[in-house]
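The values are calculated or read from the model by the stated rules, or taken from the named source; none is laboratory data. Small disclaimer: the values here were computed from a predicted structure and weren't measured. Because the Cβ atoms are built from the backbone with ideal geometry, glycine has one as well, and the counts that use them run over all protein chains shown. For the accessible areas, the whole protein counts, side chains as well, though only heavy atoms, and no ligand, DNA or RNA atoms are used. Shrake-Rupley method; radii C 1.70, N 1.55, O 1.52, S 1.80 Å.
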Amino acid sequence: MSYSITDLCVNCHACFDVCPNDAIYKASTQFMINKKTCTECEGDHDDAQCASICPIEGAILTPAGEAANPPGSLTGIPPMKMAEVMAEIQAR
Ligand code: SF4
Ligand code: SF4
């Protein structure tokens with residue numbers, strides 16, 4: 001099983017340097033994870049290093065397809081509040 005990167009990735013490069021298996025590579029538009037070499041960091045770390053360092057909510061998915069860092073988990077801003085603020089900003 002493998003973690004994966006979504007199109008929310010902003011190419012910050014952070015995950016590339018921390019993967020113990022060099023499973024992360026730069027594709028044409030964003031970083032990706034090689035499903036064959038990702039080990040979920042088992043045997044190397046207690047948690048997935050890519051997900052631990054990624055600064056973008058929703059950019060990395062667990063093998064189950066869920067956001068490793070779901071909305072609000074990094075910013076501390078509840079998703080509903082974020083939606084309200086974004087709507088307010090866009091209405092200006
Ligand atoms: S879960 Fe671990 S092994 Fe898999 S891509 Fe992320 S850092 Fe690399
Ligand atoms: S750490 Fe997150 S945002 Fe940065 S390159 Fe990796 S997946 Fe993309």
Enumerate by residue number the GluC sites (Glu not before Pro) in the stretch 35-92 meeting two conditions: DSSP loop (anything except H, G, I, E, B), and at most 11 other Cβ atoms within 10 Å of the site's Cβ. E42, E66
For the stretch 1-62, what value does the Rg/Rh ratio take when both radii are computed over Cα atoms and Rh is the Kirkwood radius, given to two decimals? 0.91
Solvent-accessible area per residue for the stretch 1-74 (1.4 angstrom probe, square angstrom): 59 Å²
Cross-link reach from K35 to aspartates and glutamates, straight Cα distance under 12 Å and at least 8 residues apart if same chain, gives D22
Roughly how many percent of the accessible protein surface of the chain is carbon and sulfur, given a 1.4 Å probe and a whole-percent answer? 56 percent
